[in-house]
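The block underneath contains the structure these notes are about, expressed in structure tokens.
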Amino acid sequence: MSQQMMINRYRWYELVGIYAGILLFLTFVLAPFVEGFLVSLKPLSQLFSSPYRFIPENGSFEAYRTMWTSVPGFGWYIFNSFLISGSITIIVLILAVPAAYAFARFEFRGAGLLLGAFLAVKMFSGAVLLIPLFRLMRSFGVLNTYFAMIVPGVAFIIPTGIWLLHTYMRRIPRELDEAAYVDGASQLYTLRRVILPIAMPGIVVVAISSFIEAYAQQFIYALTFNSKTEYMPLPVGLFAYFGRQEVVWNELMAASFVGIAPALVVIFFLQRYLVSGLTAGAVKQ
């Protein structure tokens, strides 16, 4: 059914209600980002003026220049965040793809219990396990290294990856596997040559969600497992704008937008795969 036919199914007042609801939703979602961007354009003296001006007076991009000198090495914080998030994403995919394939294709005792255990892991906050994780990292001798943030990130993110890919791979017809087996293909070859190309949209969804989650959860692990500046990620760099006497809000907002811009660029170029992966299997062919 075409998009025009779907639109024609609704009366004009129904369409007005639908678009009004979408507009209201987008307003609540985008308003904080718009306000944050406008704050980054304001001089610090205007932020607490009365009456408050939503639109900056004599706004400029000066904060985007001074933020680099206020927190030296801010670019290194961004690099560390990408390195940690990218490493977590790659490891999650390497482990989650074969695990999801096994859960989707093989019947074995305790499969449901294991999947439930994966969900149970997500119920625990990272803060609850900080002390056991700290003792574990210290016993392995990986404190003050990138591994101290990568290992916990993988442990907390991989259950979501397995669940998403497991659900996606179950929708792939088993006849494809059986046809490959008839031709003499092994299970590993079938996974690599038959299943992976079909499951690529789902893999991209898991990669993007894992990257975003890893990018957002670095603060607590960095402060707990690292004391060296050269290993600190972006959230710690943003925290440096909180001074003892005042918070440099315009530079903080500018640094936040600069920090998330590279991630948004990556997501923008992968959105085609993201949409197809999220909608795959929603409509029965």
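Can you find a residue in region 165-172 that is touching a residue at least 24 places away in the same chain (Cβ under 8 Å) and over 30 Å from Phe106 (Cβ atoms)? So far as region 165-172 goes, no, none of its residues is touching a residue at least 24 places away in the same chain (Cβ under 8 Å) and over 30 Å from Phe106 (Cβ atoms). Restricted to region 190-205, and to residues there that are over 17 Å from Arg105 (Cβ atoms) and hydrophobic (A, V, I, L, M, F, W, C), the residue that is most open to solvent (accessible area, probe 1.4 Å) is Met200. Please enumerate the residues belonging to region 66-112 that are in a helix (DSSP H, G or I) and open to solvent by 80 Å² or more (accessible area, probe 1.4 Å). Within region 66-112, Trp68, Thr69, Trp76, Phe79, Ile90, Ile94, Leu95 qualify.
The residues of region 1-53 that are modelled with pLDDT under 75 and of a type in the set (A, V, I, L, M, F, W, C), listed by number, are Met1, Met5, Met6, Ile7.
Of the residues making up region 40-65, those that are in contact with a Pro (Cβ under 8 Å, 6 or more places away or on another chain) and in a helix (DSSP H, G or I) number 3.
If you go through region 137-147 and keep only what is under 17 Å from Leu223 (Cβ atoms) and either touching a Lys or Arg at 6+ places or on another chain (Cβ under 7 Å) or assigned to a helix (DSSP H, G or I) (or both), you end up with Met137, Arg138, Asn144, Phe147.
Within region 36-54, which residues are surrounded by 16 or more Cβ atoms within 10 Å (Cβ to Cβ) and of a type in the set (S, T, N, Q)? Result: Ser40, Gln46.
Mind listing whichever residues of region 113-127 are open to solvent by 70 Å² or more (accessible area, probe 1.4 Å) and among the polar types (S, T, N, Q)? Listed by number, the list is empty, since nothing qualifies.
Would you pick out the residues in region 206-260 that are aliphatic (A, V, I, L, M), farther than 23 Å from Phe156 by Cβ, open to solvent by 20 Å² or more (accessible area, probe 1.4 Å) and assigned to a helix (DSSP H, G or I)?
Met253, Val258
Residue under question is Ala117, and the condition is that it be farther than 23 Å from Leu191 by Cβ, among the small types (Gly, Ala, Ser), part of a helix (DSSP H, G or I) and modelled with pLDDT under 85; does it hold? Answer is yes for this residue. Looking only at residues in region 128-178 that are among the small types (Gly, Ala, Ser) and either surrounded by 15 or more Cβ atoms within 10 Å (Cβ to Cβ) or under 28 Å from Gly112 (Cβ atoms) (or both), the one that is farthest from the chain's Cα centre (by Cα) is Ala148.
Only one of the numbered conditions (1) within 30 Å of Tyr64 (Cβ to Cβ); (2) in contact with a helix residue (DSSP H, G or I) (Cβ under 6 Å, 6 or more places away or on another chain) is violated by Glu230, and that is (2). Mind listing whichever residues of region 180-189 are in a helix (DSSP H, G or I) and surrounded by 15 or more Cβ atoms within 10 Å (Cβ to Cβ)? Ala180, Gln187, listed by residue number.
Under 8 Å between Cβ atoms, which residue pairs at least 6 apart in sequence (or on different chains) link something in region 192-218 that is basic (Lys, Arg) with a partner that is modelled with pLDDT under 90? If the second residue must be modelled with pLDDT under 90, the pairs left are Arg193/Ala180; Arg193/Ala185.
The values are calculated or read from the model by the stated rules, or taken from the named source; none is laboratory data. Model, not experiment: these values are computed from the prediction. Here the Cβ is made from the backbone with ideal geometry for all residues, glycine too, and neighbour counts use every protein chain on show. These area figures cover heavy atoms from the full protein model, side chains too; ligands, DNA and RNA do not enter into them. Shrake-Rupley method; radii C 1.70, N 1.55, O 1.52, S 1.80 Å.
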